[in-house]
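Below: the structure, in structure tokens.
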Amino acid sequence: MNIQKSAQKGFTLIELMIVIAIVGILAAIALPAYQDYIVRSKMSEPSAALAEAKTTIAEFYAANARIAGTGDEDDYGVVTTARNSEIFERIDVIDDATLGPKIYAVVFGSVWGDDGTDYNYMLSGTTNGDGSITWKCKPGDNATTFATVAVPNKYLPANCR
């Protein structure tokens, strides 16, 4: 009599359920992180516009040895009209003779699920005696007339947090 042993083929139901549970846990952790990553990547558009405005204002200051002053922000030549973008609304420039220039990026909140509010973050400039401007990126404030709510910290560029 010849009895052959057969080897187990395939997976048991318990093994399959464990694998599905592990994949579900990983997906639950990864999905919110991925969604935040997508929003932060979209924030590169307003960051690029802020960098462009920063350069324009710094060139104006170096050439004229003054900031434009309150009410004369158009002298810089920064484009402040509304943009055709799904995330980025506009740049807003505000000058203060004692504090220096502030450049605001106004962003639509719909990018992260808030359809009714516009948000902002800013570059704040401090003039130096050597004709340069030192810039600091900050969460927004209520000085701009277009958006009075600061962008949530988790969506700000790394140098603004």
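The values are calculated or read from the model by the stated rules, or taken from the named source; none is laboratory data. Just so we're clear, the structure is a prediction, and the values are computed from it rather than from any experiment. Positions of Cβ are generated from backbone atoms using ideal geometry, with glycine treated the same way; all protein chains shown enter the neighbour counts.
Count of the stretch 105-133 residues, restricted to those that are among the aliphatic types (A, V, I, L, M) and at pLDDT below 85, is 1.
Among the residues of the stretch 78-94, the ones that are under 17 Å from residue 41 (Cβ atoms), surrounded by fewer than 20 Cβ atoms within 10 Å (Cβ to Cβ) and of a type outside the set (Asp, Glu) come to 2 in all. If you go through the stretch 54-77 one residue at a time, do you hit one that is surrounded by 13 or more Cβ atoms within 10 Å (Cβ to Cβ), at pLDDT 90 or above, within 22 Å of residue 132 (Cβ to Cβ) and under 20 Å from the mean Cα position of the chain (by Cα)? Within the stretch 54-77, one or more residues are surrounded by 13 or more Cβ atoms within 10 Å (Cβ to Cβ), at pLDDT 90 or above, within 22 Å of residue 132 (Cβ to Cβ) and under 20 Å from the mean Cα position of the chain (by Cα).
Taking each residue of the stretch 137-154 that is within 13 Å of residue 103 (Cα to Cα) and looking for partners that are at pLDDT 85 or above and loosely packed, with under 15 Cβ neighbours inside 10 Å with beta-carbon atoms closer than 6 Å, six or more apart or interchain, yields nothing. Within the option set 51, 28, being within 17 Å of residue 106 (Cβ to Cβ) and modelled with pLDDT of 90 or more holds for one residue only, 51. For the stretch 138-152, does any single residue satisfy the condition of being modelled with pLDDT of 80 or more, under 16 Å from residue 89 (Cα atoms) and surrounded by fewer than 19 Cβ atoms within 10 Å (Cβ to Cβ)? Yes; the residues of the stretch 138-152 include at least one that is modelled with pLDDT of 80 or more, under 16 Å from residue 89 (Cα atoms) and surrounded by fewer than 19 Cβ atoms within 10 Å (Cβ to Cβ).
Contact annotation: residue pairs with Cβ atoms under 6 Å, 6 or more positions apart or on different chains, pairing a residue in the stretch 41-66 that is assigned by TED's automatic domain parsing to the domain that holds residue 122 and aliphatic (A, V, I, L, M) with a partner that is modelled with pLDDT under 90 and surrounded by fewer than 13 Cβ atoms within 10 Å (Cβ to Cβ), are 62/131. State yes or no: is residue 97 within 20 Å of residue 36 (Cβ to Cβ) and surrounded by fewer than 14 Cβ atoms within 10 Å (Cβ to Cβ)? Considered against the rule, which asks whether it is within 20 Å of residue 36 (Cβ to Cβ) and surrounded by fewer than 14 Cβ atoms within 10 Å (Cβ to Cβ), residue 97 comes out as no.
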